[in-house]
Amino acid sequence: MRKLFGTDGVRGTANTYPITAEMALRIGAAVGRYFRRDQSGAHRVVIGKDTRLSGYMLENALTAGLTSTGMNVLLLGPVPTPAVGLMTRSMRADLGVMISASHNPADDNGIKFFGPDGYKLSDQAELEIERLIEEGVNPAQAQNIGRARRVDDARFRYGERVKSSLSRDLRLDGLKVVVDCANGAAHRTAPEVLWELGAEVIPVGIAPNGKNINQNCGSTKPQLAAETVVAHGADVGICLDGDADRVVMVDENGQVADGDQLMALLASSWAKAGRLEGGALVATVMSNLGLERHLAAQGLRLERTAVGDRYVVERMREGGFNLGGEQSGHIVMSDFATTGDGLMAGLHFLAEMVHSDRKASELSVQFETVPQLLKNVRYGEGQTPLETSSVKAAIADAEARLNGQGRLLIRKSGTEPLIRVMAECEDDALLTQVVDGIVAEVEAVAS
């Protein structure tokens, strides 16, 4: 069992264990030693970050730890998470690091790692790095200490890569697009790319101050974008999160479409064009049952994985699939990227609008969702509510009541001290009863 790493790297409240300068230095030294086991030749790591205030602290501490083991550090500055995967490969680096807590509030932060192939690390690699953190590592000799330098054109390189995923003749002329950058890592890149492709751009969430990332904006709070789309008579809205690896879309009426609907659109379109590898879409256990039914009606499969975009990517690589993602908006197009890319996915939705000459509202609802209810319950340090007999009994009762009528998913969050209780069922009353029953038992244990 990993103790430090969660669903997506190491995450927590800034300046509180494990997201402290001291731990970042130790993590940097450990991961530097792990990727510098071959002592010959030059070794390099690229580091990107989002716009959180604590990013400065963690960037410097990680740089110190990495250079102490002989790694040369290339600092990208604020860039989307997918840019780090891209730059790790293109710059022939041994390691990529992204400093971000994604969609979490500004006081949180995290550290994500990419291997030399641009993909996130395996559970086994993270376990080995945790061992090195606990044991400590010997620093490099004085003459072998690494260097650090800034890379000024990372944002430009990423933007060009995103555009190259589209056909060269695609233009967005005549489209009025609202883009909500969540005051995060894509606050300059996303509006620039859309403008370069010919769209009339109405940007929001583009004034980061270190403390307002994801604050009442972005993919988890798309109301601002929806209101802006309606107010300006825009054709469509693109809502990114703080590190721009996820997206939700807004149609011309202000209605929001999640990752499931976007994946359904792309899977259907790619299948018709003969581009969908393996005849399947890879998604997590959180994706709506309606998506599975929609794909089955077209002779396509839904391959489900554990929650986390890296598990989606692992299954895609194992099975040779090229499209996957999460309901939350991580959309992975492995022909072009190694991880979820919100801006790229949003552009491909716009490309579908252009090619089909249809409105966003006609494309953003691909299937009728099965009623789904998700509630989160916070628990205290050291508590294990899912192991108590009363909670187990409540879960067993809920499963029995849903038998043949829906499905139930209970899991611990990999990024926060939360128990997530999710159920799907055509019977709204039963759906509410089973979820609330489990939530009540978890709250009783966690109080």
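The values are calculated or read from the model by the stated rules, or taken from the named source; none is laboratory data. Here the structure is a predicted model, which is why all the values come from computation and not from measurement. Here Cβ is always computed from backbone atoms with ideal geometry, including for glycine, and neighbour counts include all displayed protein chains. Surface areas here come from the heavy atoms of the whole protein model, side chains and all, with no ligands, DNA or RNA. Shrake-Rupley method; radii C 1.70, N 1.55, O 1.52, S 1.80 Å.
Quick notes
- Other residues lying with their Cβ under 12 Å from the Cβ of Gly406 contribute a combined charge of -3, Lys and Arg counting +1, Asp and Glu -1.
- Percent RCO, i.e. relative contact order, over segment 210-252, from Cα pairs under 8 Å lying at least 6 residues apart: 35 percent
- Our estimate of slack between Ala440 and Leu170, defined as 0.36 nm per intervening residue step minus the Cα-Cα distance, is 92.0 nm.
- Cα gyration tensor shape for segment 224-267, rounded if a/c is under 1.5, else prolate or oblate: oblate
- Of all DSSP beta bridges confined to the chain, the antiparallel ones make up roughly 55%.
- The residues neighbouring Gln298, those whose beta-carbon lies less than 13 Å from its own, together hold a net charge of +2 under the Lys/Arg +1, Asp/Glu -1 convention.
- The distance from the alpha carbon centre of segment 207-221 to that of segment 54-84 is 22 Å, rounded to a whole number.
- Listed residue (Asn214, Leu172, Tyr158) projecting farthest to the positive dipole end of segment 120-264, Cβ model: Tyr158
- As a length-normalised measure over Cα pairs under 8 Å and 6 or more apart, the relative contact order of the chain settles at 13 percent.
- Extended-chain gain in nm, criterion 0.36 nm per residue less alpha-carbon gap, Arg301 and Trp195: 34.5 nm
- Förster-model FRET efficiency, 30 Å R0, Ala393 and Asp117, C-beta, rounded to 0.05: 0.10
- Estimated translational D of segment 63-104 in µm²/s (Stokes, Kirkwood radius over Cα pairs; 37 °C; 0.692 mPa s): 291 µm²/s
- Dipole magnitude for segment 152-213: about 160 debye, using +1 per Lys or Arg Cβ and -1 per Asp or Glu Cβ, origin at the Cα centre.
- Inter-probe distance in nm under a simple model that places probes 7 Å from Cα toward Cβ, at Asn60 and Arg2: 2.8 nm
- Spin-label proximity, Asn138 to segment 51-80 - amide N less than 20 Å from point 7 Å beyond Cα toward beta carbon: 65-72
- The alpha-carbon of Lys392 sits under 29 angstrom from the alpha-carbons of these lysines, leaving out residues fewer than 8 places away in its chain: Lys3, Lys375, Lys412.
- Segment 180-256: relative contact order as a whole-number percent, Cα under 8 Å and 6+ apart: 33 percent
- Label-to-label distance, Arg407 versus Arg150, with points set 7 angstrom from Cα along the beta-carbon direction: 4.8 nm.
- The accessible area of Met91, taken with all protein chains in place and a 1.4 Å probe, comes to roughly 30 Å².
- Comparing Val256, Ala185, Ala234 along the charge dipole axis of segment 164-287, the residue lying farthest to the positive side is Ala185, per the Cβ-charge model.
- Measuring r between the beta carbons of Arg275 and Glu160 and using R0 = 22 Å, the FRET efficiency lands at 0.50.
- Rough spin-label spacing in nm, given labels placed 7 Å along Cα→Cβ, for Glu227 and Thr384: 4.6 nm
- Entry note, the chain: the mean residue ellipticity at 222 nm calculated from DSSP H runs of n ≥ 4, each adding -39500 (n - 2.57), is -11500 deg cm²/dmol after division by the residues and rounding to the nearest 500.
- Extended-chain gain in nm, criterion 0.36 nm per residue less alpha-carbon gap, Glu416 and Thr13: 144.1 nm
- Rounded to the nearest 20 debye, the dipole size of segment 208-286 about its Cα centre is 100 debye, using +1 on the Cβ of Lys and Arg and -1 on the Cβ of Asp and Glu.
- Cα gyration tensor category, rounded, prolate or oblate, for the chain with a/c compared to 1.5: oblate
- Longest exposed-site-free window of the chain, the sites being GluC sites (Glu not before Pro) in a DSSP loop that have at most 10 other C-beta atoms within 10 Å: 1-367
- Net charge of Cβ neighbours under 12 Å - reference Val73; Lys, Arg +1; Asp, Glu -1: +2
- Annotation: the antiparallel percentage among DSSP beta bridges lying fully within segment 175-321 is about 30.
- Cα gyration tensor category, rounded, prolate or oblate, for segment 1-136 with a/c compared to 1.5: rounded
- Check: the chain dipole with +1 on Lys, Arg Cβ and -1 on Asp, Glu Cβ, in debye: 1440 debye
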